[in-house]
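**Student:** One structure follows; several queries about it will come next.
The numbers here are math on the coordinates, done by the rules we state, and not lab data. Everything numeric here is computed off the predicted structure, so don't read it as measured data. Every residue, glycine among them, receives a Cβ derived from its backbone with ideal geometry; neighbour counts consider all protein chains shown.
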Amino acid sequence: MSDITLYHWEPNANSGKPMLALMEKGVPFTSHYIDMLAFDQHKPDYLAVNPQGTIPAMTHGDRVLVESTAIMEYVNDAFAGPDLMPGDAQDRWRVRWWMKFMDQWLGPSFSMIGWSVFVGPMVRKRDPEELAAAIDRIPLPERRIAWRKAINGSFGEAELAESRRRVALGIALLEAELGKRDYVGSDSYSLADINIFNSTYSLPLSQPDLAGRDKTPNIMRWLKRVYQREAVAKTWAMGRTDLAHRYSLIMEGID
Amino acid sequence: MATILYHGEPNGPSLAVLAALAESGLDTGPNAIACRAIDLLAGDRHRIAGLTETLALDFAVEGEGPVLVIDGEAMTESVFVAQYLDEVAGGALQPRDAYAHWQMLMWCRRITERCAPAAAFLGLRAQGADRLAAMSDDDFATLVAPIVSEDLKQRWHDTRTGAFPDAADTDSRAKVAGAVDMVEAQLVDGRDWLMGPLSIADFETYGWLMGMVAILPEAFADRPHTAAWLARVRARPSVQSALARSATGRPEAAWAPGPEINRWG
Ligand SMILES: N[C@@H](CCC(=O)N[C@@H](CS)C(=O)NCC(=O)O)C(=O)O
């Protein structure tokens, strides 16, 4: 049995990063699925692992690791298997730069839109009292606010507009980057590709006005190359919802 | 082609990178990295000539900070620039053990994501906003004209107009105090440096906290381990050489628009 357990939701955004990194390294792990829409991440069992109540988290023996991008770096450093960081120091800098840009600037905007159009409507139908109790159990105050907004559909027009601006700009910057290099930040497949793929794999479906064969040929070429990796197929097969299904839809329509 | 480090006054991210550079030894010898002081609060960072790749400068999450230029490519984000320098030098500022390395990265993220935006907010309000407010409309318009990022530009405007909301003030004080608490707790076992051995975390943390001592003294009261650590970092020759680059003699009071305060949990 593996001494690694990964607590994750769908192969998507933050959860998908360590899933795919482990898969690429060929490191066996015990998968512990956390149903985010059932608020599993705020239940006592999981809070005992990560008191912040966010996913993903990974245990390796008695070590507990959190923060998806940092977990990926740990996985790459700690285990044998293909090196997922480029050999050149300036390339490594660029890989780290892109991951931060995604984690802190672009990713939150993807999330806000995703929560307003997908997460909120999925959860909203439940019994209001049950939902109120679930929100009260959320440890991080900023997450309580985010969940309330998602459930009530009360994101402000200005903040949504700003998120849409960032998504459009971020896609344009990624398209330009992939015109310069084969992969994000370098000419080899790296943690930056794993990071960014997890938030962009469904763009042609979710943002057809911004991304697609005509508008972003470089992104499409890169998506296709990453889609074809065996580790990606195996990771996306672990998904249980429609999110993961979108992967095969795009895969089919890609050329 | 020459490698040049453009840096602001040795405070915040500029201090961290200058100290890492001095530790690396890459500032001396025939291929030494040249240092050029720029005035971040004059918008100098957006007027660096001869760049061929500007993405990282234009969209740095860190906001106004140091820029390392190699072969025309602008490299930003102080932690990553410090890692770069350390790795090129085959240096010792990052733990080799994977878990210890993860701990250092996590530490630096807490500083850059939570403490840095808060310190930049408080520092700029106390020791930067007046200078922008005193500018003529034309001069200010000229200053911000080359800023590519709309959200960074907005932070410049907010600074000039004195838009420092109370909620952000409360939040920022709590975050700086939280960072000091974290430092104090980390050092309680008697270690000299935050991660055990000296690392990038010491410089990044020192850079952001150094100027907070005067602005938020209550956060540092009864924090003996933190006080001793601040003095220890300051005494380090690399930090002394970084501080010696100050043009104003008060580097701890030099601020420019920094990272944004989290807009989404
Ligand atoms: N920066 C963290 C963020 C983790 C995070 O916020 N994960 C989201 C899912 S992608 C989450 O746990 N949301 C559920 C909640 O906040 O209740 C990381 O990258 O690991």
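**Student:** Quick one: order A:215, A:100, A:224, A:125 by neighbouring beta-carbon count within 10 Å, fewest to most. Show your work: numbers first, answer last.
**Tutor:** On the way: A:215 17, A:100 24, A:224 13, A:125 7.
The fewest-first ordering by Cβ neighbours comes to A:125, A:224, A:215, A:100.
**Student:** Counting Lys and Arg as +1 and Asp and Glu as -1, each charge on the Cβ, what is the dipole of chain B about the Cα centre in debye, to the nearest 20?
**Tutor:** Working: 22 positive and 36 negative charges, 98 e Å.
The calculated dipole for chain B is roughly 460 debye.
**Student:** Calculate how many DSSP beta bridges within the protein assembly as shown are antiparallel, expressed in % of all such bridges and rounded to the nearest 5.
**Tutor:** Working: 16 of 25 bridges.
Of those bridges, close to 65 percent are antiparallel.
**Student:** Right, another one. What value, in deg cm²/dmol to 500, does the helix sum -39500 (n - 2.57) over DSSP H runs of n ≥ 4 give at 222 nm once divided by the residues of chain A? List each step's numbers first, then the result.
**Tutor:** Numbers: 14 runs with 142 residues, N = 255.
Mean residue ellipticity at 222 nm (helix-derived): -16500 deg cm²/dmol.
**Student:** Between A:156, A:72, A:226, whose Cα lies farthest towards the positive end of the dipole of chain A when Lys and Arg beta carbons carry +1 and Asp and Glu beta carbons carry -1, centred on the Cα centre?
**Tutor:** A:156
**Student:** So what's the range A:75-231 giving for Cα Rg divided by 2.2 N^0.38 Å, two decimals? Please report the intermediate quantities before stating the final value.
**Tutor:** Details: Rg = 18.1 Å, N = 157, 2.2 N^0.38 = 15.0 Å.
Relative to the 2.2 N^0.38 Å estimate, the range A:75-231 comes out at 1.20.
**Student:** Here's a follow-up. Per-residue ellipticity at 222 nm for chain B, helices alone: DSSP H runs ≥ 4 residues times -39500 (n - 2.57), over residue total, nearest 500 deg cm²/dmol?
**Tutor:** Numbers: 13 runs with 133 residues, N = 265.
Taking each H run of at least 4 residues, the total per residue is -15000 deg cm²/dmol.
**Student:** Also, I was wondering about something else. Suppose every K and R has +1 on its Cβ and every D and E has -1 on its Cβ; what is the size of the dipole of the protein assembly as shown about the Cα centre, in Debye to the nearest 20? Let's see the in-between values first.
**Tutor:** On the way: 52 positive and 69 negative charges, 89 e Å.
Here the size comes out at about 420 debye.
**Student:** For residue B:3, which sequence-distant residues (separation of 5 or more, or a different chain) have an amide H within less than 5 Å of its own amide H, given hydrogens modelled in the peptide plane?
**Tutor:** Long-range HN contacts for residue B:3: B:34.
**Student:** Excluding same-chain residues fewer than 8 positions from residue A:224, which lysines have a Cα within less than 24 Å of its Cα?
**Tutor:** Straight-distance partners of residue A:224: A:17, A:25, A:100, A:180, A:215, A:234.
**Student:** Moving to a separate point now. If I build a Gaussian network model for chain B, linking alpha-carbon pairs within less than 10 angstrom, which residue out of B:188, B:148, B:67 has the largest mean-square fluctuation?
**Tutor:** Of B:188, B:148, B:67, the most mobile in the Gaussian network model is B:188.
**Student:** Only Cα pairs under 8 Å and at least 6 apart count here; give the relative contact order of chain B as a rounded whole percent. The partial results should precede the final answer.
**Tutor:** Values: 405 pairs, mean separation 85.5, N = 265.
Dividing the mean separation by the residue count of chain B yields 32 percent.
**Student:** Quick one: B:41, B:230, fewest Cβ neighbours within 10 Å first, how do they rank?
**Tutor:** Numbers: B:41 23, B:230 19.
Fewest-to-most ranking of B:41, B:230: B:230, B:41.
**Student:** Based on the Cα coordinates of the range A:4-78, what is the per residue volume of their convex hull in Å³? List each step's numbers first, then the result.
**Tutor:** On the way: hull volume 5.8 nm³, N = 75.
That works out to 77 Å³ per residue.
**Student:** Would you mind computing, in nm to one decimal, how far apart the modelled labels at residue B:248 and residue A:33 are, each placed 7 Å from Cα along Cα→Cβ?
**Tutor:** Placing both labels 7 Å along Cα→Cβ, they lie 5.6 nm apart.
**Student:** So what are the range A:148-255's ellipsoid semi-axes, whole angstrom, largest first, if each one is the square root of 5 times an eigenvalue of the alpha-carbon gyration tensor? All intermediate terms of the calculation are to be shown ahead of the outcome.
**Tutor:** On the way: eigenvalues 117, 72, 34 Å².
Square roots of five times the eigenvalues give 24, 19, 13 Å.
**Student:** Need the C-alpha centroid separation for the range B:73-146 versus the range A:181-238, integer Å.
**Tutor:** 29
**Student:** Could I ask something else about it? Using a 10 Å cut-off around each Cβ, can you sort B:136, A:190, A:154 from fewest to most neighbouring Cβ atoms?
**Tutor:** Details: B:136 8, A:190 26, A:154 11.
Fewest to most other Cβ atoms nearby, the residues stand as B:136, A:154, A:190.
**Student:** Among B:29, B:79, B:111, whose Cα lies farthest out toward the positive end of the dipole of the range B:1-126, if unit charges sit on the beta carbon of Lys, Arg (+1) and Asp, Glu (-1)?
**Tutor:** Value: B:111.
**Student:** Can you give me the P(r) profile for the range B:79-228? Cα pairs, bins 5 angstrom wide beginning at 0, each as a whole percent.
**Tutor:** 2, 9, 16, 17, 16, 14, 11, 9, 5, 2, 0
**Student:** Ok, one more. With both partners inside chain B, how many of the DSSP beta bridges are antiparallel, as a percent to the nearest 5?
**Tutor:** Bridges in chain B that DSSP calls antiparallel: roughly 60 percent.
**Student:** Report the one residue of B:98, B:13, B:219 whose Cα lies farthest in the direction of the positive end of the charge dipole of chain B (charges on C-beta: Lys and Arg +1, Asp and Glu -1; origin at the Cα centre).
**Tutor:** It is B:219, whose Cα lies furthest towards the positive end.
**Student:** Also, I was wondering about something else. How large is Rg/Rh for the protein assembly as shown, to two decimals, with Cα atoms and a Kirkwood Rh? It would help to have the intermediate numbers written out before the result.
**Tutor:** Working: Rg = 22.6 Å, Rh = 23.9 Å.
Expressed as Rg/Rh, it is 0.95.
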